[in-house]
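Step one of this worksheet: look at the structure below.
Where a number appears in this text, it was derived from the coordinates with a stated rule and is not lab data. Please read these numbers as outputs of a predicted model, since none were measured by experiment. Virtual Cβ from ideal backbone geometry, glycine too; neighbours counted across all protein chains shown.
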Amino acid sequence: MDAITTQVSQAVQRNCHIADARHGGDYGMCTYLLKMREYFRWEKGLGFDDRLPGDQVGDWLTQREALWEGLADADFGDLVIDGTAFDPFDTEAVNAALEPYQLVYSAGLVHGAKPNFFLGRLVHKEEPSDGFALRVADAELARGLSAPPAMTRGRTIFLRRESLRRYLWEKLESWRWSRPDNAFGRAVACYPFESDLAEALEAMTEAEMASAREHEIGEFLAGELLGEAWNEMLMDLAGTPAELMARAVRDHLADCTRTLPMLIRANRSASLHFYVGNFTAMRREIFPGLNKAYEEWLNERDLEPLAAIARLGAAHWGDLARELVDVHARYGAEAAGPVAQLVSVNRL
């Protein structure tokens, strides 16, 4: 790496460590250990089929937790690029400075208002179109324990190909423990994982990059509909079940607007299986009609039930999202209870 890339990578990684020091312990123990195993794999540059050395992982885990302990009270540091210091949350300015180096950077708050940073190699970009820009990263040079494969920051959509590949690997590893006959297992069966892991993982990553792109466009459009009032609501709901419910509503809105219509038009069976198999418990709970439509498609191979529920969902979740914003406007910091109640009685 050149000197600038090395310097910025180290600065971003330090901020990632500080974020992890504050929030790494928020996961349940099983999830935490699985994420740490894969974080070790990324940091050491190991392949997905490489066996992880247990003793080394244990020593690394002890050292990493000691590092976090020492950074728990540290402030996030500026990023210095060509002699200019940038606020680490000024994503737009940082990316403009990094573009000559073919790097892409993102910073912001994820679930629970947790800071998240990453730096990667820029492999594709699209300038503002329909109001948004797109940046695609592949190899990641700095990241934290949480590595969301896709995110929208302002008017820019960031897609992280390596992060998505690792996320799919983690899902595959978890599924392999008991190999249940479920939607995710049906998605796995569409690829040659048993004969060629690398080829299968790459093909699945390529397919799900398209889905992630559509979801984030849907997120952007939802943001245009709901405005900054939505983000203000999420800050007041941070860390509550109501936050999870509100995020699930917006995810369904984005997917019924963009992701599902694309998958249905293209008849992308593997991605439809993955889409349903990747639902969080909250998304499944408030949208039982989608699982029913999926079962109909599975049994009859008729896409119309899925198309119909997507059309219905686009209107339903859009109306509900606007109602949630109105509820927050009335109740402010006390809106968690009313928001949760409103979502509970408006399942689809």
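What number results when the radius of gyration of the chain, computed over Cα atoms, is divided by 2.2 N^0.38 Å?
1.01
As a length-normalised measure over Cα pairs under 8 Å and 6 or more apart, the relative contact order of segment 3-166 settles at 22 percent. Counting only other residues whose beta carbon sits under 11 Å from that of LEU119, what net charge do I get with K and R as +1, D and E as -1? Net charge in that neighbourhood comes out at +2.
For segment 3-166, the Cα-based Rg and Dmax, in that order, read 15.9, 51 Å.
Exactly which trypsin sites (Lys or Arg not before Pro) in segment 1-107 are in a DSSP loop and have at most 16 other Cβ atoms within 10 Å? Those satisfying the criteria are ARG51.
Note: relative contact order over the chain, using C-alpha pairs below 8 Å and six or more positions apart, is 13 percent.
Taking amide H as placed 1.01 Å from N in the peptide plane, LEU141 has its amide H under 5 Å from the amide H of LEU119, GLY120, ARG121, each at least 5 places away in sequence or on another chain. Computed over segment 91-171, the convex hull of the alpha-carbon atoms projects to a mean area of 5.5 nm². In whole Å, how far is the Cα centre of segment 204-239 from that of segment 276-307? Cα centroid to Cα centroid, the span is 20 Å.
Summing +1 for each Lys or Arg and -1 for each Asp or Glu, what net charge is found among the other residues whose Cβ lies under 10 Å from the Cβ of ALA74? Spell out each step's value before the answer.
Values: positive: ARG14, ARG22; negative: ASP73, ASP75.
Taking every other residue near ALA74 into account, the sum is 0.
Taking other Cβ atoms within 10 Å as a rough exposure proxy, ASP236, ASP251, ASP75 sort from fewest to most as ASP75, ASP236, ASP251.
If you look at the Cα atoms of segment 40-118, you get an Rg and a Dmax of 16.5, 43 Å. Derived from the Cα gyration tensor, the three semi-axes of the equivalent ellipsoid of segment 206-344 are 28, 15, 12 Å, largest first.
Given the Cα-Cα distance of LEU71 and GLU99 and 0.36 nm per residue of separation, how much length would full extension add, in nm? Display every interim value, and only then the final one.
On the way: separation 28, 0.36 × 28 = 10.08 nm, distance 2.97 nm.
Fully extending the segment from LEU71 to GLU99 adds 7.1 nm.
Which order do SER271, SER174 fall in if you start with the one that has the fewest other Cβ atoms within 10 Å? Numbers along the way, then the final one.
Details: SER271 22, SER174 13.
Going from sparsest to densest Cβ surroundings: SER174, SER271.
The stretch between TRP177 and GLU199, if pulled fully straight at 0.36 nm per residue, gains 5.8 nm over its current Cα-Cα span.
Going from the fewest other Cβ atoms within 10 Å to the most, the residues VAL339, VAL123 appear in the order VAL123, VAL339.
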